[in-house]
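Single-structure report; data block below.
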Amino acid sequence: MTTRPARTKLGTIGPTTSALGLGCMGMSDLYGPADETESIATLRAALDAGVTLLDTGDFYGMGHNELLIHDALRGRDRADVQISVKFGAQRGPDSSWLGYDASPAATKTALAYTLRRLRTDYIDIYRPARLDPNVPIEETVGAIADLVKAGYVRHIGLSEVGADTLRRAAAAHPISDLQIEYSLISRSLEHEVLPTARELGIGITAYGVLSRGLLSGHWTNDRAIGATDFRGFSPRFQGDNLTHNLNLVEALRTIAEAKGVSVAQVAIAWVASRGEDIVPLVGARRRDRLAEALGALDVTLTQADLDAIEAAVPAGAAAGDRYAAAQMAHLDSEH
Ligand SMILES: NC(=O)c1ccc[n+]([C@@H]2O[C@H](COP(=O)([O-])OP(=O)(O)OC[C@H]3O[C@@H](n4cnc5c(N)ncnc54)[C@H](OP(=O)(O)O)[C@@H]3O)[C@@H](O)[C@H]2O)c1
């Protein structure tokens with residue numbers, strides 16, 4: 001395997017981005033408290049290191065994540081960055097999750113608020129966070145297509161949708177990329193979704209490449225998880241499942257140490273090795289973690305390495321689903 005180029009074109013029609021993107025969610029939500037000063041420093045360090053793709057959602061901290069990105073981009077050239085924004089997840093003032101709304105009116109309203117928070121006049125990639133079961137995908141894509149025509153959005157993306165929805169969406173308007181979980185222990189997309197995306201010329205922005213920290217090599221059995229931390233509800237982080245999954249990590253550690261790299265770097269490099277149409281989004285929220293993640297771009301996995309990784313963590317090796325049952329139900333990609 002050769003080292004990947006520093007930049008990647010997302011699908012046939014998408015923008016050219018850095019080979020690794022920065023996912024900003026954990027800076028505002030879902031993984032317990034984050035340090036705002038360190039978050040901004042991490043964002044700026046990523047931009048300085050050549051990362052151009054920033055992924056966010058309007059519901060990450062109910063606008064907080066977009067405001068943070070706006071702060072980090074002060075004094076930068078907007079044209080040097082691609083901002084990917086998810087919308088549709090509805091939330092209450094107590095941070096509760098109220099379902100999804102990707103109707104045309106909600107889509108356009110959400111974009112209007114996003115543009116104000118980011119103080120920008122366009123979004124590079126705009127995508128519904130989930131398929132809204134009450135709205136045909138053609139209507140959601142049609143609404144974003146209106147925003148593309150009006151110049152407010154450059155590209156349309158999707159998130160966690162299955163092959164049929166991909167086809168229907170792509171028939172309505174060209175789609176740049178599908179954002180979907182992809183890691184050594186989350187490979188269900190390989191059966192149908194990934195081949196369909198490739199057939200349609202749709203790129204992949206892969207999230208959860210470290211399985212939300214589980215595969216990072218830094219997670220321990222005794223780590224305290226806060227009441228609002230996603231990982232407190234994730235089946236893979238519970239009891240015997242966690243013990244089993246951390247044993248997989250130790251098997252990976254042996255391979256990483258033999259190569260003189262870290263577990264996280266092997267996990268990220270493995271996702272990157274799945275194809276040049278795949279851009280891993282890493283969820284670093286501290287500069288040290290970012291530096292480690294960026295180091296993965298210099299890791300070349302030989303066929304012998306890939307074979308060893310496959311033996312250590314074969315497909316389906318994880319204990320526990322990637323989401324709790326209630327959230328799995330929202331994944332069109334898993335139906
Ligand atoms: N489309 C969707 O449905 C969806 C869903 C989830 C996420 N996303 C997007 O994808 C992005 C990435 O997802 P994710 O945050 O779940 O993925 P991840 O990269 O698998 O996990 C990130 C977490 O791993 C831990 N970590 C340990 N070492 C790290 C290292 N070297 N680099 C980065 N993280 C390290 C950090 O936890 P600690 O800081 O607690 O140690 C960090 O918060 C999100 O920020 C979001 O933009 C999309």
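State the number of lysine pairs found in the chain whose Cα atoms come within less than 26 Å, restricting to pairs 8 or more positions apart or on distinct chains. Lysine pairs, 8 or more places apart or on different chains, close enough: 5. Seen against the Cα atoms of the chain and their longest principal axis, helix 163-172 is set at about 30 degrees. A straight line joining the Cα centroids of the range 76-108 and the range 192-215 runs 20 Å.
Rounded, prolate or oblate: pick one for the range 173-250, where a ≥ b ≥ c are the square roots of the eigenvalues of its C-alpha gyration tensor, a/c under 1.5 means rounded, and failing that, prolate if a/b is larger than b/c, else oblate.
prolate
So, counting K/R as plus one and D/E as minus one, what does the shell of residues with Cβ under 13 Å around residue 219 add up to? Residues close to residue 219 contribute a combined charge of +3. Mean separation of Cα pairs under 8 Å and 6 or more residues apart, divided by the residue count, gives the range 102-193 a relative contact order of 28 percent. May I ask you to list the residues of the range 245-261 whose amide nitrogen lies under 19 Å from a point 7 Å from Cα along the Cα→beta-carbon direction of residue 311? Hits in the range 245-261 for residue 311 at 19 Å: 247-261. For residue 208, what charge total do you get from the other residues with a beta carbon under 11 Å from its beta carbon, if Lys and Arg give +1 and Asp and Glu give -1? After counting each charged neighbour, the total is +1. Between the alpha-carbon centres of the range 280-323 and the range 1-53 there is a gap of 16 Å. Taking amide H as placed 1.01 Å from N in the peptide plane, the amide H of residue 179 sits under 5 Å from that of 158, 159, 160, 205, each at least 5 places away or on another chain.
Distance distribution P(r), the range 1-121, all Cα-Cα pairs, bin width 5 angstrom from 0: 2, 10, 20, 21, 20, 15, 8, 3, 1, 0 percent. Rounded to the nearest 10 degrees, what's the angle between the helix 137-149 long axis and the longest principal axis of the chain, both from Cα atoms, 0 to 90? Once rounded, the angle reads 70 degrees. Net charge in the neighbourhood of residue 130 (other residues with Cβ under 12 Å of its Cβ; Lys, Arg +1, Asp, Glu -1) is -3. Exposure proxy for 204, 255: other Cβ atoms within 10 Å of each Cβ, ordered fewest to most, give 255, 204.
Candidates 178, 318, 256 compared by Cα position along the dipole of the chain: farthest toward the positive end lies 178, with charges placed on Cβ. 3J(HN,Hα) along the range 66-83, derived from phi through the Karplus expression 6.51 cos²θ - 1.76 cosθ + 1.60 where θ = phi - 60°, amounts to 5, 5, 5, 5, 4, 4, 5, 8, 3, x, 9, 7, 3, 5, 7, 10, 10, 9 Hz, with x in place of Gly and Pro.
What's the ranking of 76-82, 20-26 by average number of surrounding C-beta atoms within 10 Å, highest first? Intermediate results must be reported in sequence, preceding the final value.
On the way: 76-82: 13.4, 20-26: 26.1.
So the order, starting with the most tightly packed, is 20-26, 76-82.
Take every Cα pair under 8 Å whose residues are at least 6 apart in sequence, average their separation, divide by the length of the range 31-161, and the relative contact order is 22 percent.
Would you be so kind as to identify which of 129, 83, 158 lies farthest towards the positive end of the dipole of the range 67-162, taking Lys and Arg as +1 and Asp and Glu as -1 on Cβ and the Cα centre as origin? It is 83. Axis angle, to the nearest 10 degrees, between helix 303-312 and the longest C-alpha principal axis of the chain: 90 degrees. Footprinting exposure proxy ranking of 173, 330, fewest other C-beta atoms within 10 angstrom first, gives 173, 330. For the chain, the 222 nm mean residue ellipticity estimated from helices alone, with every DSSP H stretch of n ≥ 4 adding -39500 (n - 2.57) and the total spread over all residues, rounds to -11000 deg cm²/dmol. Taking label points 7 Å from Cα along the Cα-to-Cβ direction, residue 191 and residue 228 give a separation of 3.6 nm. Take every Cα pair under 8 Å whose residues are at least 6 apart in sequence, average their separation, divide by the length of the range 225-335, and the relative contact order is 37 percent. With 0.36 nm allotted per residue and the present C-alpha distance subtracted, the residue 258-residue 12 stretch has 84.8 nm of extension available.
For the chain, what class follows from the C-alpha gyration tensor (a ≥ b ≥ c being the square roots of its eigenvalues): rounded when a/c is under 1.5, otherwise prolate if a/b is larger than b/c, else oblate?
Details: a/c = 1.38, a/b = 1.36, b/c = 1.01.
It comes out rounded by the Cα gyration axes.
FYI, it's all coordinate maths here, none of it is from the lab. Just so it is clear, the structure is predicted and the values come from calculations on it, not from any experiment. Methodologically, a virtual Cβ is constructed for each residue, glycine included, from the backbone with ideal geometry; neighbour enumeration extends over all protein chains shown.
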